[in-house]
Every structure is written in structure tokens, then in C-alpha cells.
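The structure appears below as C-alpha cells.
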Amino acid sequence: MKKTFVFLFFAAFFLLISCENHIESDCSQASVNRQAFAYLKDWYLWYEHLPAINPADFESLDKMIAAVKYREGDTLIDRFSYAVKKTEHDDYYAGKRYGMGMSMQRDENDDIFITLVYPESPAGIAGLRRGQQLLAMNGFTVEELDENAAYNKEHRNDEDFEEKTDWNNVYDAENKGEAVVFKVLEHGDELTTTVYLDDYIGKSVLADKILDYDGVKTGYIHFKAFINSSEEELNEVFARFKEENVEQLVLDLRYNGGGLVRIAHQLVNLIIGDKVKGDEIIKLIYNNKHSDQNYSYKGDVLKNSLSNVKKVAFIVSSGTASASEMVINSVAPYVKVALIGSTTYGKPVGMNSKDICDQTIVPITFKYANSQDYGDFFLGMEPTCAANDDIRHDFGDEMEEELAASLYLLSNGKCLENAAVKNLEKRKTIEELIPVELKGMGRIDYSF
């Protein structure tokens, strides 16, 4: 396999060398679109189904991709290919972020809870944590902001309209250093703190613990994304797990939309390297124009690979996709695996990107399978035990519903009796539940 293809991943960031017959040099949108379409005709997994179009007819690369993504009748099969500014693409995999470094979600009562905080982000430095309930922002209560938002929406076209302070203008997201005062409720106590919008580096490991559950040492890790910094972060965590002779794992992937295949490969080897050594644990399969680029990642024992793990529980959701599903799929043939939560996203395919001027196209270019040649889960992976994302508790808290369900299953071999029923209506994605007006918060990074 050519060196340029060794590092392949879900939202890939290496520039691939394409075999286009004609290379354009100008960066007009028409030229960018033509180059992108030529790349699709060569590398797209479903290239045979591309419609006949004039790429120059589209005002943006996004719109062109939306028009050509593979469908079977009315069913959109390719839910994944996309285009993005090159700087945004590169910054994501470098972990570069701007904003508060947190996300929030409304519960069934319309209360708002902090669901995720990046360590060392402005929100993390201010002491905000998952599980805290938002009461007010910059002196305006949640109720007031909701009421004002409804008023502004209803009266915006009135002749004498005066905009009230709502979620959209309660702070200036574009003002670096902007102070945002939060009042939150934690364990019955009201706390006030200030977050200053700024640049920060988004970690991929948001929490890790070693739990002694029923006398068995259990490693817990909340893993957010498969990015460049993940390699070192995972090595540090698994070094501690190895030193403490961890026997079982809970790998929390509930918000992990994927990333680099090489990090997925590393993670599988860290979990069960001794059991997969020499096996073709991840197989990448390209279209018939590039079958010579098919590649298999082999299992290996790494310095920090665990040697006695027999059971792994994965916490999953509709936000668990791609490289996350790849890890689950690759581990399953070797040890007892259970999924806790709700059905995963369903993305058994991956991408290779191409930079064109200041834009990056990220189309589906390969499908993947495990050592048993299984990889067909476009409808997602069903949970072994259904459980809800308990936003009132922090990651790693044994009282958190999905972690509690995972630990119980590992110890007892069955689901909790009071666990959520398996046929619950599929939860909305986290982004659908976030108050979208909160610009600059640092949205959940789903890169489907």
C-alpha cells in the first residue's frame, strides 16, 4: 500500500494524491467543484451511481455534494460525505477550539443541564461540570431567556419592535475574552462563576477512573474523539490501567462520532493486544478502481496493552459512529462485549479527504470489516441493555444511569431490572437538544 494511504480515518485529514486526468490551478468555485467531482468519480465508494451534473452549476461545494450523494430511491445511503473549510478541518484534528468548551441539553422538563465540559477549556477552568443545572446567564434566568426568545420571534417584524435579551444576544460569541456569568445548581447549592470565551485545546479523554466494583478492578474512560492527541492521552490512561491490573473495561463512547482509523487501531490493541496479535482486525475495502489500495490493520501488543481483560462494556448512543463503531466491531470477536445505552449511528464506511484550495472534500471512499469480515451495520448496533443518558450525573459517577447499568451487567451478566426498555423511541441527537442560539459554546463535534 502506498504510504499516502497508510493513515486512513473517518473524517480523514491527509491529502490524497488523486489520478485526475486534468488538474486545474485556479480557485474559483467552479474550478473547485470540477476538481472535487473528478475526485469523486475516481475514489467515491459508490462512484457508479454518481448522477450526470455540471459541477460549475453549484454555488458551493456543500450544495454539489448534497446533490450527488448516493441514494437508493428515496433512501439516502450516504449520510456522511461533506465539505468544509480547510482551516476548520485541520483545526478539528489538531484539537483547536474556540468558545466556552462545553455543551448543554434540555431534559424532559425543559430544564437545562451541562452535559459535557472539556478539561482545561474556559468552562472547565471556571469550574463548570457535567450534571450542573443552568439557572441563569449574565443575570437572566432560563425562563426569562426562553420568554424573550419567544417574544422576539413573534414580534420581530413589528414596526416598533425592540429586541429583548434572549439566548441569541445574552453575550457576544465573537468577542474573544467575553465574560459570561453562569449561575448553576449543584447538589442543591447555587454556584456562580464566570467563563471567558477563548481558544483552547479539546482533549479526547474527558474522564477516566479505576473502580473497584464487586471486588473487580474496572477501568472507566470517557473518550470523545479519535484525533491526533488521542494517541498520547490513551497511552497515559492505559498505562495506569495496566499498572493496576484492570480486569474489565467500561468504554464510554456516547458522544464519540469517530475520527482517525489509526487511533481506532491503537485502542483495539490497547484493550486486547495479546488476543489479536497478528490478526487482520480492521480491513479497509475500496471501490473496484482502487482495490490495490485495500489494507488490513493487524493486531499487536503495545507497551500499555492490557493482558487480562475478558469483558468490555461500551456506553453508546445515536452519537456513537464510525471509528467508535469500528472499535466495537473489531473487539467483539475476541472478548465478551456488551453495549449499554441506545442504538449507534450506523456508519460502517470511512473517508479520505482531499484539499482543494481553501476547501476540503471528505467523501466516503471505503467500507470496513472486522477479522470475521463483518461490517454491515448501516442501521446501527443495538444495545444489549437500554439505558438513558443521565445528564444529572458526571462522567465516571457510579450513580450515572448508563455507567451503573454497565457495571451491573459486567458483574451479573444481565441487565438491570429497572433499565429503560429496549424499544424506546430513538433519542434525538445531542445537537438537536442543545439551545442552538448559544453561539460559541463549543458544539458537540459530530463529523458525520
Condition met for G95 (of a type in the set (G, A, S) and in contact with a strand residue (DSSP E or B) (Cβ under 7 Å, 6 or more places away or on another chain)): yes
State all residues of the range 294-308 that are assigned to a strand (DSSP E or B) and closer than 25 Å to Y220 by Cβ; if no residue qualifies, say none. G299
Enumeration of residues in the range 110-158 that are under 20 Å from Y98 (Cβ atoms) and either in a helix (DSSP H, G or I) or acidic (D, E) (or both): E120, P122, A123, G124, I125
Take the residues in the range 341-365 that are on the phi > 0 side of the Ramachandran plot and out of contact with any Pro (no Cβ under 9 Å at 6 or more places or on another chain); name whichever of them is surrounded by the most Cβ atoms within 10 Å (Cβ to Cβ). G346
For the range 184-193, does any single residue satisfy the condition of being more than 30 Å from M399 (Cα to Cα), surrounded by fewer than 16 Cβ atoms within 10 Å (Cβ to Cβ) and either without any contact (Cβ under 8 Å) to a residue 40 or more places away in the chain or out of contact with any Asp or Glu (no Cβ under 6 Å at 6 or more places or on another chain) (or both)? no
Go through (1) at pLDDT below 90; (2) closer than 21 Å to K367 by Cβ one by one and return the number of the condition S81 breaks. (1)
Residues in the range 203-216 that are part of a loop (DSSP other than H, G, I, E, B) and of a type in the set (K, R): how many? 1
(1) closer than 27 Å to D292 by Cα; (2) among the hydrophobic types (A, V, I, L, M, F, W, C); (3) at pLDDT 95 or above all hold for C19 apart from (3)
Within the range 217-276, restricting to residues that are of a type in the set (A, V, I, L, M, F, W, C) and assigned to a strand (DSSP E or B), the one that is surrounded by the most Cβ atoms within 10 Å (Cβ to Cβ) is F226
Residues I263, I227: which one is modelled with pLDDT under 95 and hydrophobic (A, V, I, L, M, F, W, C)? I227
If you go through Y92, Y171, the only one that is surrounded by 15 or more Cβ atoms within 10 Å (Cβ to Cβ), touching a Leu at 6+ places or on another chain (Cβ under 9 Å) and not in a strand (DSSP E or B) is Y171
Can you tell me which residue within the range 366-393, out of those that are of a type outside the set (S, T, Y) and not in a loop (DSSP other than H, G, I, E, B), is surrounded by the fewest Cβ atoms within 10 Å (Cβ to Cβ)? K367
Being out of contact with any Pro (no Cβ under 7 Å at 6 or more places or on another chain) and either in the same structural domain as S121 (by TED's automatic domain parsing) or charged (D, E, K, R) (or both) narrows it down to one of T194, T218, so name that one. T194
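The values are calculated or read from the model by the stated rules, or taken from the named source; none is laboratory data. Since the structure is predicted, the reported quantities are computational estimates derived from the model, not experimental observations. Positions of Cβ are backbone-derived with ideal geometry, glycine not excepted, and every protein chain shown enters the neighbour counts.
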